[in-house]
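A short worksheet on the structure shown next.
The values are calculated or read from the model by the stated rules, or taken from the named source; none is laboratory data. None of the values given here were measured: they were computed from a predicted structure. When we count neighbours, we look across all protein chains shown, and the Cβ atoms used for this are built from the backbone with ideal geometry, even at glycine. All accessible areas refer to the heavy atoms of the entire protein, side chains included, with ligands and DNA or RNA removed. Shrake-Rupley method; radii C 1.70, N 1.55, O 1.52, S 1.80 Å.
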Amino acid sequence: MDFLIHPWPWYVAGPLIALVMFLLLYFGESFGMSSNLRTICSMAGGGKATNFFRFDWKSQQWNLVFLFGAVLGGFLSANYLTSEAPILLNPSTVNALEGLGFAKPTSAYLPKKLFGVSALQSLSGISILLFGGFLVGFGARYAGGCTSGHAISGLSNLQVPSLLAVIGFFIGGLTMVHLFFPLLF
Amino acid sequence: MKYLKFLFTGILFGVILSKAEIISWYRIIEMFRFESFHMYGIIGSAVILGAIGVQVIKRKQVKTKEGGPITFSPKSMSFPRYLIGGILFGLGWALVGACPGPMFTLIGYGYLSIGVVIFGSLIGTFTYGLFRNRLPH
């Protein structure tokens, strides 16, 4: 069972993600996580504001169950499948992040500087998390999908629009990390 | 009971995201700094196997569990929609280090502060719904 505890290499994770996509296709659905955000907006009464949220969200219940499973998967991993070893990042990433004021990475998945208690208690800290989330939610819906819907499902189906979206993801991500990080941190 | 299979597939997905460190903020930054093959290997191998599998499904007309056809909906072509939307998404993805799947797995993992990010993403989705008629698609 040791192999379950150690971090999984890419050649295990990638094929398994393809398997997840095929399972959902076999069940008659499709792999796309960000649709759930629209569904949740509909459930919360978003349909009163705009017809974009007026659709039969009950047809999307399977995806909410899938999402709940993904939450459970995180819980199970944290409690039963965890090693305390620090994450093995490229040292130059670690150095660059230290230069921006991020502490040396531990086994934690999120940095305290952005997600710790003191960050949550400051206006700038909360604003960064809210704004980052806003961009993810707005961008995913504008582009019609996120990493699962475009990068995995869309590219697997050789969709040019998905390739454009993924190129956009990278333009945005590279700009944030290389241009905005030095300004923000 | 018909939802149980989705629950288990979701659990599998959450465990993969956790154990392969895809939910790690640091792995996303490392990816955008081109300093590790890890994330590219994951997405690349998933897409290569995915593309082969999709071709097999189309050619052999593989059926769903219930015996119906497996359908793929082609996406309509547009430049501004995918590029602008994609760039905004990418800016957010790199800042908070999580896309919509990992956000939820992180909650289960015990990182409750990611809830602020999820809340932000719901506001973002809602705002898109309000203004989508005025955006170039």
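How would B:Arg59, B:Arg132 rank on accessible area, largest to smallest, probe 1.4 Å?
Sorted by accessible area, descending: B:Arg59, B:Arg132.
Along the Cα-to-Cβ line of B:Thr71, 7 Å from the Cα, sits a label point; which residues in the range A:155-174 have backbone N less than 18 Å from it?
A:157
Quick check: with the 1.4 Å probe, what order do B:His38, B:His137, A:His150 take by accessible area, largest first?
So, going from the largest accessible area down, we get B:His137, B:His38, A:His150.
For the protein assembly as shown, what is the largest minus smallest coordinate of the Cα atoms on each principal axis, given in angstrom and ordered from greatest to least?
54, 51, 34
Let a ≥ b ≥ c be the square roots of the eigenvalues of the Cα gyration tensor of chain B; is it rounded (a/c under 1.5), or, if not, prolate (a/b larger than b/c) or oblate?
Rounded.
Taking Cα centroids, how far is the range B:101-137 from the range A:113-175 in Å?
Cα centroid to Cα centroid, the span is 9 Å.
When ligands, DNA and RNA are left out and all protein chains stay put, how many square angstrom of accessible area per residue does chain A have with a 1.4 Å probe?
Result: 45 Å² of accessible area for each residue.
Can you list the trypsin sites (Lys or Arg not before Pro) in the range A:51-148 that are in a DSSP coil and have 14 or fewer other beta carbons within 10 angstrom? Walk me through the intermediate numbers first.
Working: sites: A:Arg54, A:Lys58, A:Lys112, A:Lys113, A:Arg141; in loops: A:Arg54.
Passing sites in the range A:51-148 are A:Arg54.
Select from chain A the helices, each a whole stretch of DSSP H, whose alpha-carbon atoms run 18 Å or more along the helix axis and whose Kyte-Doolittle mean is at least 0.0; answer none if there are none.
Qualifying helices, which must be both long enough and hydrophobic enough, are A:10-26, A:61-80, A:123-143, A:160-174.
Keeping all protein chains in the complex and leaving out DNA, RNA and ligands, what accessible area do you get for A:Tyr26 with a 1.4 Å probe, in Å² to the nearest 10?
100
Please give the contour-minus-distance gain from A:Lys48 to A:Leu184: 0.36 nm per residue of separation, less the Cα-Cα distance, rounded to one decimal in nm.
45.3 nm
Charges only on Cβ, +1 for Lys and Arg, -1 for Asp and Glu: so what's the dipole of chain B about the Cα centre, in debye to the nearest 20?
Rounded to the nearest 20 debye, it is 680 debye.
Comparing B:Phe104, B:Phe79, B:Phe37, which has the greatest mean-square fluctuation in the GNM of chain B with Cα pairs linked when under 10 Å apart?
Maximum fluctuation in the GNM of chain B, among the listed residues, is at B:Phe79.
Compute the signed sum of charges (Lys and Arg +1, Asp and Glu -1) over the other residues within less than 15 Å, Cβ to Cβ, of A:Leu89.
With Lys, Arg at +1 and Asp, Glu at -1, the neighbours total -1.
Ranked by accessible surface with a 1.4 Å probe, highest first, in what order do B:Glu66, B:Glu21 come?
Largest to smallest exposure gives the sequence B:Glu66, B:Glu21.
For a Förster distance of 41 Å, can you work out the FRET efficiency between the beta-carbons of A:Phe55 and A:Ser92, rounded to the nearest 0.05?
0.30
Could you compute how much accessible area chains B and A hide from each other, both sides summed, with a 1.4 Å probe? Nearest 100 Å² is fine.
Numbers: alone 10880 and 13420 Å², together 14060 Å².
Summing both sides, the interface buries roughly 10200 Å².
I need the calculated FRET efficiency for the pair A:Leu158 and A:Ala103, taking r as the beta carbon distance and R₀ as 45 Å, to the nearest 0.05. Don't skip to the answer; put the middle values down first.
Details: r = 42 Å, r/R0 = 0.94.
Calculated transfer efficiency: 0.60.
Could you work out which residue, out of A:Gln60, A:Gln159, A:Gln121, moves most in a Gaussian network model of chain A, that is, has the largest mean-square fluctuation with Cα springs under 10 Å?
Highest fluctuation of the listed residues: A:Gln121.
Rounding to the nearest 20 debye, state how big the charge dipole of the protein assembly as shown is about its Cα centre with +1 on each Lys and Arg Cβ and -1 on each Asp and Glu Cβ.
Working: 22 positive and 9 negative charges, 208 e Å.
Dipole of the protein assembly as shown, to the nearest 20 debye: 1000 debye.
Relative contact order of the range B:4-134, please, whole-number percent, based on alpha carbon pairs below 8 angstrom and at least 6 residues apart. Walk me through the numbers on the way to the answer.
Values: 59 pairs, mean separation 36.4, N = 131.
Here the relative contact order equals 28 percent.
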